[in-house]
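Remarks on the structure that follows.
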Amino acid sequence: MDRFRVVPAAYVVLRRGDEVLMLLRADTGYMDGYWAVPAGHVEKGESVLEAAIREVREEVGVEIEPGDLVPVTAMHRTGGNGDPIDERVDFFFTASKWRGEPRLMEPGKADGLDWFALDKLPDPVVPHEARVLAGLYGGGLPAVIAHGF
């Protein structure tokens with residue numbers, strides 16, 4: 001019997017006061033043309049904290065210390081199609097402290113990088129990320145969110 005599996009991913013909301021850093025996705029095959037926060041899959045043998053730090057470094061060129069990652073919520077989500085790639089567990093963190101100046105590091109995967117006020121986000125935002133950002137703006141999120149069920 002094949003066991004159910006989920007794909008883990010780490011998301012980091014870089015905050016500068018009430019602003020958040022977002023990337024405009026491009027040429028990735030997933031949600032291209034949507035705004036998103038730095039994120040990516042947890043690789044084999046890597047902790048979710050290591051993945052969060054690596055993804056921010058790869059995508060926007062800044063260094064974050066593990067103690068500066070603040071857990072916000074975990075999201076268990078499904079695409080509802082039975083495809084294993086669409087069964088996810090996402091770990092969301094915020095960070096307000098880092099070294100370096102954010103810049104677009106992967107121009108082949110993103111067409112833009114900018115700061116946006118939480119109450120004036122660009123359109124469109126990746127839907128499950130928009131749900132978390134709305135919770136950050138609204139002042140609260142549950143520890144765990146089920147999305148798409």
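Since every read-out is calculated from the coordinates, none of them should be taken as a lab result. Computed from a prediction, not measured in an experiment: that's the story for all the values here. Don't worry about glycine lacking a Cβ; one is built from the backbone with ideal geometry, like all the others, and counts go over all protein chains shown.
Structural remarks
- Yes/no for residue 77 being touching a strand residue (DSSP E or B) at 6+ places or on another chain (Cβ under 8 Å), over 20 Å from residue 4 (Cβ atoms) and among the basic types (Lys, Arg): no
- Once region 78-117 is narrowed to residues that are of a type in the set (A, V, I, L, M, F, W, C) and in a loop (DSSP other than H, G, I, E, B), the residue that is surrounded by the most Cβ atoms within 10 Å (Cβ to Cβ) is 98.
- Among residues of region 125-149 that are crowded, with 17+ Cβ neighbours inside 10 Å, those with a Cβ under 6 angstrom from a residue that is among the aromatic types (Phe, Trp, Tyr), sequence gap 6+ or separate chain, pair up as 125/35; 126/34; 132/92.
- Evaluation of residue 120 against (1) more than 14 Å from the chain's Cα centre (by Cα); (2) surrounded by 19 or more Cβ atoms within 10 Å (Cβ to Cβ) (one fails), failing number: (2)
- Here 9, 52 are screened, and the one residue that is under 12 Å from the mean Cα position of the chain (by Cα), assigned to a strand (DSSP E or B) and of a type in the set (Gly, Ala, Ser) is 9.
- If the condition is being without any contact (Cβ under 8 Å) to a residue 60 or more places away in the chain and more than 23 Å from residue 53 (Cβ to Cβ), then region 97-122 contributes only 120.
- Residue 94 vs. criteria polar (S, T, N, Q), in contact (Cβ under 8 Å) with a residue 24 or more places away in the chain and in contact with a Phe, Trp or Tyr (Cβ under 7 Å, 6 or more places away or on another chain): no
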